[in-house]
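The values are calculated or read from the model by the stated rules, or taken from the named source; none is laboratory data. The structure displayed is predicted, hence computed values, not measured ones. As a convention, Cβ positions derive from the backbone with ideal geometry for all residues, glycine included, and neighbour counts pool all protein chains shown.
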């Protein structure tokens, strides 16, 4: 019997998209194209959705933790990890931002395709709306993420954050710098009325930290 669920294919992987789960789009694929995972990396995929970035990372990484506040997304990502025979490499947890991450866990790569669209409060009340609704300025979750991310990042680690120009990319670069991280845009894609950007951040050198 043919499945009624939507499916998305990326490279040689297949992903089912459950109801109430964000379907991979331009931002997802821009992040996927920018994703460089080294053998031995320990990866955190924040807001994993259907699990596509976590599962791509798991093909090379030593271990992947994937987090989402949406219980439908958690179930969807677990199913996709099974379908793609990577369930043993991906630890999928339910919770808000870093809440399900243990305080002593450190990662060499943290990925976050953030909810970045400026939206009225009611937009983020549905499970699907939570995947894109970033509050009045689009920065509600971006700012919360930046304020905590460095606690979980290894000294030689890196962050990949996906956001829209509608949520002020320059402000993101400034806030990373205030958090002791250097950041730059490594990929961009113009989509209708906005530009989607992938921002990479890593620790400043000790010399640079002293001069800031």
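Kindly provide the set of residues from segment 14-33 that are over 21 Å from residue 93 (Cβ atoms) and either surrounded by 17 or more Cβ atoms within 10 Å (Cβ to Cβ) or without any contact (Cβ under 8 Å) to a residue 40 or more places away in the chain (or both), ordered by number.
23, 25, 27, 29, 30, 32
Please count how many residues of segment 76-102 are part of a loop (DSSP other than H, G, I, E, B) and touching a helix residue (DSSP H, G or I) at 6+ places or on another chain (Cβ under 8 Å).
So the answer is 5.
Out of 197, 187, I need the residue that is more than 25 Å from residue 73 (Cα to Cα), in contact with a strand residue (DSSP E or B) (Cβ under 9 Å, 6 or more places away or on another chain), touching a residue at least 12 places away in the same chain (Cβ under 8 Å) and not in a helix (DSSP H, G or I). Which one?
187
Against the definition (part of a helix (DSSP H, G or I), touching a residue at least 12 places away in the same chain (Cβ under 8 Å) and closer than 28 Å to residue 146 by Cβ), how does residue 73 come out, yes or no?
yes
Test each condition in (1) modelled with pLDDT under 95; (2) at negative phi for residue 192 and report the one that comes out false.
(2)
Mind listing just one residue for me: the one in segment 127-152 that is farther than 17 Å from residue 163 by Cα and in contact with a strand residue (DSSP E or B) (Cβ under 9 Å, 6 or more places away or on another chain) and, of those, surrounded by the fewest Cβ atoms within 10 Å (Cβ to Cβ)?
150
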